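Asks: Handing you a structure now.
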């Protein structure tokens with residue numbers, strides 16, 4: 001059974017810049033860089049990985065092949081009509097997968113399928129096709145150097161370095177390493193947006209926490225200034241999505257006081273980050289603050305009517321409209337609850 005969910009982008013919140021983009025680029029849905037066309041249905045196959053050689057020292061060959069084959073001649077695209085009409089030609093056509101699942105601009109549409117391996121997959125509709133993710137591990141299913149991800153690989157190397165030398169002094173990430181980490185973080189970003197639409201908040205928390213570790217690792221160990229700061233402008237967005245996931249998970253369990261504390265703590269964390277980070281003039285966390293403040297209000301509105309935070313919110317509203325009689329009643333109610 002397919003589970004298809006569509007959300008307006010406003011539900012997701014502001015979409016961050018693609019990893020590695022200029023700080024002055026407008027915030028937009030990232031360009032699609034990899035679309036895999038399926039020879040079998042309904043599962044999209046993983047591309048065959050090229051060899052993953054390890055170079056001497058700290059320099060690593062990129063485990064994801066960037067070799068682009070020469071453009072085929074027009075004759076290679078021409079098939080006889082008898083061949084083009086065969087079932088094999090039909091199942092290679094991406095439209096076979098997308099029939100009945102139209103792309104809707106301004107919405108994020110996500111569904112779950114059972115893949116050819118019998119395991120669950122996540123598919124996200126995009127304007128020219130579909131993206132497919134593994135629900136856990138690296139979203140494309142690869143295991144660079146036998147590790148769960150490039151981040152896991154570099155974290156293991158850091159631990160080995162500390163064990164060998166007694167400290168992290170001398171450990172660094174080359175530009176190629178940071179580029180691989182940024183590209184991988186973009187895969188996780190695409191998946192956690194899809195998981196958010198599916199309301200699978202455990203997965204959103206996992207993937208956002210993981211991308212925050214990428215930002216920290218690059219900031220601390222990147223060899224160049226560019227690589228140390230390239231992802232920093234996205235920290236507020238990733239924090240916001242992490243906070244939203246944790247808040248909604250607590251709300252689903254009706255732990256409203258915990259949800260409110262998470263939301264308020266998140267607002268403080270983003271404020272502290274903005275205060276302590278030297279950002280370009282055109283970068284701010286205003287969008288993240290707006291989303292988190294709306295989230296706090298949503299938590300309060302979901303609380304029982306006699307919950308102190310909700311009474312306090314009603315008190316502030318009464319004072320704002322100069323309804324002092326109602327405000328006095330609400331203040332008395334608050335004092336009564338606090339005195340119990």
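Asks: Restricted to region 220-277, and to residues that are in contact with a helix residue (DSSP H, G or I) (Cβ under 8 Å, 6 or more places away or on another chain) and not in a helix (DSSP H, G or I), which residue is farthest from residue 289 (Cα to Cα)?
Replies: Applying the filter and picking the extreme gives 223.
Asks: Something else: With 310, 314, 333, 296 as the choices, which residue is surrounded by 15 or more Cβ atoms within 10 Å (Cβ to Cβ) and over 30 Å from residue 236 (Cα atoms)?
Replies: Working: 310 fails: over 30 Å from residue 236 (Cα atoms); 314 fails: over 30 Å from residue 236 (Cα atoms); 296 fails: over 30 Å from residue 236 (Cα atoms).
Checking each option against the conditions leaves just 333.
Asks: When you scan region 197-214, do you find a residue that is over 18 Å from residue 151 (Cα atoms), touching a helix residue (DSSP H, G or I) at 6+ places or on another chain (Cβ under 8 Å), touching a residue at least 24 places away in the same chain (Cβ under 8 Å) and crowded, with 17+ Cβ neighbours inside 10 Å, even just one? Talk me through it step by step, then tell me what you get.
Replies: Kept after step one, since they are over 18 Å from residue 151 (Cα atoms), are these residues of region 197-214: 197-202.
The next check asks that each one be touching a helix residue (DSSP H, G or I) at 6+ places or on another chain (Cβ under 8 Å); those that pass are 197, 199, 201-202.
Narrowing the set further to residues that are touching a residue at least 24 places away in the same chain (Cβ under 8 Å) leaves 197, 199, 201-202.
Filter again for crowded, with 17+ Cβ neighbours inside 10 Å, leaving 197, 201.
Yes - at least one qualifying residue is present in region 197-214.
Asks: Name the pairs whose Cβ atoms lie under 8 Å apart, with the first residue in region 269-286 and touching a residue at least 24 places away in the same chain (Cβ under 8 Å), the second assigned to a loop (DSSP other than H, G, I, E, B) and surrounded by fewer than 13 Cβ atoms within 10 Å (Cβ to Cβ), and 6 or more positions between them or separate chains?
Replies: Correct list of pairs: 280/24; 282/24.
Here is a yes/no grid of residues against (1) in a loop (DSSP other than H, G, I, E, B); (2) closer than 28 Å to residue 273 by Cβ; (3) at pLDDT below 95:
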residue	(1), (2), (3)
130	no, no, yes
152	no, yes, no
159	no, yes, no
171	yes, yes, no
180	no, yes, no
186	no, yes, no
189	no, yes, no
212	no, yes, no
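Residue-by-condition table, conditions (1) at pLDDT 50 or above; (2) more than 16 Å from residue 194 (Cα to Cα); (3) touching a helix residue (DSSP H, G or I) at 6+ places or on another chain (Cβ under 7 Å):
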| position | (1), (2), (3) |
| --- | --- |
| 67 | no, yes, no |
| 70 | no, yes, no |
| 74 | no, yes, no |
| 77 | no, yes, no |
| 95 | yes, yes, no |
| 111 | yes, no, no |
| 117 | yes, yes, no |
| 121 | yes, no, no |
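Asks: Here's a follow-up. Scan region 149-195 for residues that are without any contact (Cβ under 8 Å) to a residue 12 or more places away in the chain and within 14 Å of residue 211 (Cα to Cα) and jot them down.
Replies: Let us first name the residues in region 149-195 that are without any contact (Cβ under 8 Å) to a residue 12 or more places away in the chain, namely 152-153, 156, 159-167, 169-170.
Matches in region 149-195: 152 only.
Asks: State the number of residues belonging to region 230-279 that are farther than 30 Å from residue 182 by Cβ and buried (at least 22 other Cβ atoms within 10 Å of the Cβ).
Replies: Here is the first cut: in region 230-279, the residues farther than 30 Å from residue 182 by Cβ are 250-261, 264.
From what's left, buried (at least 22 other Cβ atoms within 10 Å of the Cβ): 259-260.
Looking only at that region, the number is 2.
Asks: For region 135-148, how many residues meet the condition of being in a loop (DSSP other than H, G, I, E, B) and either without any contact (Cβ under 8 Å) to a residue 40 or more places away in the chain or closer than 16 Å to residue 178 by Cβ (or both)? Outline the logic, then answer.
Replies: The first filter runs over region 135-148 and keeps only residues in a loop (DSSP other than H, G, I, E, B), leaving 135-143, 147-148.
If we keep only those that are either without any contact (Cβ under 8 Å) to a residue 40 or more places away in the chain or closer than 16 Å to residue 178 by Cβ (or both) too, we end up with 137, 143, 147-148.
Total satisfying the criteria: 4.
The values are calculated or read from the model by the stated rules, or taken from the named source; none is laboratory data. Not measured: the values here are computed from a predicted model. Cβ: placed from backbone, ideal geometry, glycine included. Neighbour counts: every protein chain shown.
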